[in-house]
Amino acid sequence: MDVNDIALDALADQRIDWRFKGFPARFDGLTVRDLVRARPALGELSTPLMYLDGDAVAHNLATMAGFCRDHGVDLAPHAKTTMAPQLIARQLEAGAWGVTAATIAHTRAYRAFGVPTIMLANEVIDPDALTWIAEEMRRDPSFRLLCFADSADGVAMMQSALEEARAARPVDVILDLGRAGGRTGVRTLDDAEAVARVVHAASTLRLVGAGGFEGVFAGDRSDAGLDVIRDWLRTLVELIRRLDAAGLFEQTDEVIATAGGSAYFDDVVTALTAIGDLSKPVRVVLRSGAYIAHDDAHYRVLTPLPADDGFHAALRIRGRVLSRPEPGLALLDFGKRDAPADLGLPVPLWITRPSGDRDDITGSTIKSLADQHAFLEFDESMPVFVGDVVTCGISHPCTAFDKWQLIPVIEEDRVTDIVRTFF
């Protein structure tokens, strides 16, 4: 399964200029293709700079593909993490069944690069969006869209708009199961079945499965948190069996059972692969997205895979020491505009001197971020000078990629690719 190679290749024609932070003025006018061919050293780029460790990305792609293969499940990675067609293409090349979107804007971006199977993990009720979906499905008979639904009112809006757009074939629908205090999704099995029956009766829709997102129900891997996750998964399994027993999957060739962010996908696989025999084959689809970049804080703690065999942190943020205004305090030239802070602050890893020498700086901390400054606190015995460059890991890749339009990929200290994002 591939994306549009022509559209993907055209990304390399983007010219470097003032619009793209992290690239010094001496690169202005070069195309991305030119710069990648030149393979500049990491130290030739400006600060602040977000970059990807190419070896870690390759490792993470192979690790998740292997996990899915070993457990007999499919992957539709939530590409809102990166919104980067080059990385989406690599996920598909690694065996992903499809790609997950959260909005119609995501969906249109993926389609601009030819992604053939998209799971839109939200209810779509905007008439303009539904008209576009109908037209895109008519234009490309191979395009498959699956979207969520959690209310009879929403289903009625979808039916009306798709009828008016003269949809040539039904849109596949996943019944969205939630939980009290969560996000979207029906709250009870009775309500879920009632919505499923409305979908089943709609001429422009086809009920193909059920799912949801478990990650909002717990914030850690404590016993209490995992109990909540597993209880919800048991309810999802019960719902799928109930809808099948009611004959509501009669219009589909297979039943889609889907959940799984990047924190609890092990429990998702254990629960959903145990659904048992239904009237149709069951396809379990994980929607993990953050795994491709992982991190040094939030997901490092939550990942179910062991550190030695699991994912590797791939995103790094580099900042130059601008000021040493007090003992044990340095101000770096990146801030909230450059690095995520919503699920933890950046984690200092090492410091690079103007000479190129590198020293360990673990044990120091980023105490806070201003818009354009990071506050680095360190032991006064550690030499930190104005002009040094501090490299940090990040926490939460989903709010890191969206701060950068061009992100270099670094291997052996050289630029080997430049990833374009579309947020």
message: Condition first: modelled with pLDDT under 95, at negative phi and either in a strand (DSSP E or B) or of a type in the set (A, V, I, L, M, F, W, C) (or both). Can you find one or more residues in segment 277-284 that meet it?
response: no
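Tell me, which helices (runs of 4 or more DSSP H) lie completely within segment 26-107 with 2 or more residues that are crowded, with 21+ Cβ neighbours inside 10 Å and in contact with a His (Cβ under 9 Å, 6 or more places away or on another chain)? Reasoning before the result, please.
Values: elements: 32-38, 54-71, 85-93.
Counting at least 2 such residues, we get 54-71.
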- prompt: Regarding Phe23, is this residue under 24 Å from Cys392 (Cβ atoms) and either of a type outside the set (S, T, N, Q) or assigned to a loop (DSSP other than H, G, I, E, B) (or both)?
  reply: yes
- request: Could you give me the residue pairs with C-beta distances under 9 Å whose first residue belongs to segment 31-42 and is in contact (Cβ under 8 Å) with a residue 24 or more places away in the chain, whose second residue is among the small types (Gly, Ala, Ser) and surrounded by fewer than 18 Cβ atoms within 10 Å (Cβ to Cβ) wherever it lies, and which are 6+ apart or on separate chains?
  value: Val32/Ala12; Val36/Ala12
task: Tell me the strands (runs of 3 or more DSSP E) entirely within segment 360-423 that contain at least 1 residues that are under 27 Å from Ser323 (Cβ atoms).
output: 365-369, 374-377, 389-393, 406-411
task: State whether one or more residues within segment 98-113 are within 27 Å of Thr188 (Cα to Cα) and touching a Gly at 6+ places or on another chain (Cβ under 9 Å).
output: yes
task: Determine, yes or no, whether Asp388 is in contact with a strand residue (DSSP E or B) (Cβ under 7 Å, 6 or more places away or on another chain), outside the structural domain of Leu87 (by TED's automatic domain parsing) and farther than 24 Å from Gln86 by Cα.
output: yes
- request: Hey, can you tell me all the residues within segment 136-177 that are in a strand (DSSP E or B) and either over 24 Å from Glu193 (Cβ atoms) or without any contact (Cβ under 8 Å) to a residue 24 or more places away in the chain (or both)?
  value: Arg144
query: Any residue at all in segment 363-372 that is in contact with a Ser or Thr (Cβ under 8 Å, 6 or more places away or on another chain), over 19 Å from His59 (Cβ atoms) and aliphatic (A, V, I, L, M)?
result: no
- request: Tally the residues that are more than 24 Å from His396 (Cα to Cα), of a type outside the set (Lys, Arg) and out of contact with any Gly (no Cβ under 9 Å at 6 or more places or on another chain), restricting the search to segment 29-76.
  value: 14
- line: Ala180 passes all but one of the listed conditions (1) aliphatic (A, V, I, L, M); (2) part of a loop (DSSP other than H, G, I, E, B); (3) modelled with pLDDT of 95 or more; the exception is number (3)
Contacts under 6 angstrom Cβ, first residue in segment 239-265 being in contact (Cβ under 8 Å) with a residue 12 or more places away in the chain, partner basic (Lys, Arg), 6 or more apart: Phe249/Lys280; Gln251/Arg206; Glu254/Lys280; Glu254/Arg283; Val255/Lys280; Ile256/Arg283; Gly260/Arg287
Qualifying position, being polar (S, T, N, Q), at pLDDT below 95, surrounded by fewer than 23 Cβ atoms within 10 Å (Cβ to Cβ) and over 28 Å from His71 (Cα atoms), among Ser323, Ser355: Ser355
task: Using the structure shown, decide if Arg324 is within 21 Å of the chain's Cα centre (by Cα) and part of a strand (DSSP E or B).
output: no
- prompt: Can you name the number of the only condition in (1) surrounded by 18 or more Cβ atoms within 10 Å (Cβ to Cβ); (2) of a type in the set (Gly, Ala, Ser); (3) out of contact with any Leu (no Cβ under 6 Å at 6 or more places or on another chain) that Ala293 fails?
  reply: (3)
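The values are calculated or read from the model by the stated rules, or taken from the named source; none is laboratory data. Owing to the predicted nature of the structure, the values given are computational and were not obtained by experimental measurement. Neighbour counts run over all protein chains shown; Cβ positions are idealised from the backbone, glycine included.
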